[in-house]
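Here the structure is laid out as structure tokens; the discussion comes afterwards.
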Amino acid sequence: MFTAVDEIKRHLKLIAAYFQYNLSAVMEYRTSFLVQVFGMVLNNASFIFFWKVVYARIPLIAGYSFEDVMFLWALVSASFGVAHILFGNCSSLSRIIIQGELDSYLLQPKDVYVNVICSRTIVSAWGDLGYGIVLYLLTFGFSPGRLVLFIGFVLLGGLLFASVKFAAETLTFYVGSASTIGRTISEFMLSFSIYPEGIFGQGVRWMMYSLVPAGFLAFLPYRIYSSFSAKHLLLLLVVDLLYVVAGYMFFRAGLRRYESVNLVVTRV
């Protein structure tokens, strides 16, 4: 009988296998890969100049310095990259369901959730990941302990972002195409998390720590990084785990609904 630890190991092995396969696939077209990565880096880098101009006139914005905002950009960009490198289908579930592609996953002896979300990678996301790491190193330098903490935040952020985006797309089981909802949630998470937290009102902040968890993607990690707190770190780990588990259970519930509908159609 499999234990919970065995299940986690199986899922990690599946994620690693898909990562290796997807990486080898994209590297067959190295020129295209490098062009997309470099293009994404240039696109992201343009915002550095924007913030340089702003902070040349205003030394602090809602208590955030230029370096603080660069930390947010580095973290969010790298997290977005991890989410779409490891979990490339987090933005495609609605299309997969509507086009009937989910049936092929149901026939495979693997966990459907992990199988679907990991079976694709987004090439340009490597540019987001590389940009985030380079921006962090240029801003804060190389300190092994601090870098490990930052990379930990990146991995947690990627997992959180992918889980929330996939959960939004899971609404397709219930309301039809939810691709627009998924894009909106994604844009909200990105838009809220790359600006100083203090510029947002209380109502928006409440949303940033619930429906659109930009606060746990960027602002809580920023506070932990700025002034380390084991209590806050534990909170971040627990909250991220809750979002992942809730997203998984939401998908499984929707999947039962999908299988039931397909069964009725088959019988007819």
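The values are calculated or read from the model by the stated rules, or taken from the named source; none is laboratory data. Because the structure is a prediction, the values reported are computed rather than measured. For neighbour counting, all protein chains shown are included, and Cβ atoms are generated from backbone atoms with ideal geometry for every residue, glycine included. When the accessible area is computed, the model is the full protein with side chains, heavy atoms only, and any ligands, DNA or RNA have been set aside. Shrake-Rupley method; radii C 1.70, N 1.55, O 1.52, S 1.80 Å.
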Scan region 180-189 residue by residue and report those that are over 17 Å from ILE122 (Cα atoms) and open to solvent by less than 50 Å² (accessible area, probe 1.4 Å). ILE185, MET189
If you check SER46, SER79, which single one turns out to be closer than 25 Å to SER186 by Cβ, assigned to a helix (DSSP H, G or I), modelled with pLDDT of 85 or more and polar (S, T, N, Q)? SER79
Report yes if some residue within region 191-202 is of a type in the set (S, T, N, Q), open to solvent by less than 20 Å² (accessible area, probe 1.4 Å) and more than 16 Å from LEU72 (Cα to Cα); otherwise report no. no
Filter region 82-99 down to the residues that are in contact with a helix residue (DSSP H, G or I) (Cβ under 9 Å, 6 or more places away or on another chain) and outside any helix (DSSP H, G or I), then identify the one that is farthest from ALA17 (Cα to Cα). SER92
Is at least one residue of region 156-166 over 28 Å from GLU101 (Cα atoms), among the aliphatic types (A, V, I, L, M) and at pLDDT below 90? no
Output for region 55-76, where each listed residue is without any contact (Cβ under 8 Å) to a residue 40 or more places away in the chain and within 28 Å of the chain's Cα centre (by Cα): SER65, PHE66
Since PHE71 meets every condition but one in (1) crowded, with 19+ Cβ neighbours inside 10 Å; (2) out of contact with any Ser or Thr (no Cβ under 9 Å at 6 or more places or on another chain), which condition does it not meet? (2)
Members of region 93-104 found to be surrounded by fewer than 18 Cβ atoms within 10 Å (Cβ to Cβ) and free of Cβ contacts under 8 Å to residues at least 60 places away in the same chain, listed by number: GLN99, GLY100, GLU101, SER104
